[in-house]
Amino acid sequence: MGKPKNGFEKIIEEVLKNGADKTAKDWVEAIRNDYGRAPLIFERMSERPEVLISHLLYKNAVLKTGKLEPKMVELISLAVSAALRCNHCTDYHVQAALRKGATPDEILEAIMIAGLTSQSTVLADAYRTYSETIEECMSCGMKIPKAVTSDLSASSDQP
């Protein structure tokens, strides 16, 4: 039967007719056929078919009711994978993006945007943490108690 694509009710009918084990195996095989391989997480989830089926039902519901083109979905997935530093995910989504029509330039741009965004979050978090340790928070003007600033000054005087 293949991966879920026939509407929610038809998918449920398929699961009830074929059973969870066969449905999970069929869906993983269909994903392999469509993408050249199945992600490791799907392989592991298929060992507990109910987990794989519920995951793919949710994924299918999000993607099939969305307005983004499949290529854009893969580019976003690629960028998120890169930002999260999931090498296997990034590799998978590079291949999937190519299969969905993305060009190498589009893939590199998605990776660069992921890097920019990741860097921004690192900097924002670090600057906020830094701001919490100085006398006055630069972003909100909150005063830090003297005891904290005295401790900081005393520790910086030591060799």
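Ranked by the mean number of other Cβ atoms within 10 Å of their residues, highest first, the peptides 121-133, 23-35 come out as 23-35, 121-133. Legend: distances between Cα atoms for Lys22/Lys59; Lys22/Lys64; Lys10/Lys64; Lys67/Lys100; pairs beyond 21 Å are Lys22/Lys64.
Since every read-out is calculated from the coordinates, none of them should be taken as a lab result. Since the structure is predicted, the reported quantities are computational estimates derived from the model, not experimental observations. Neighbour counts are summed over all protein chains in view; Cβ atoms, including those assigned to glycine, are modelled from backbone coordinates with ideal geometry.
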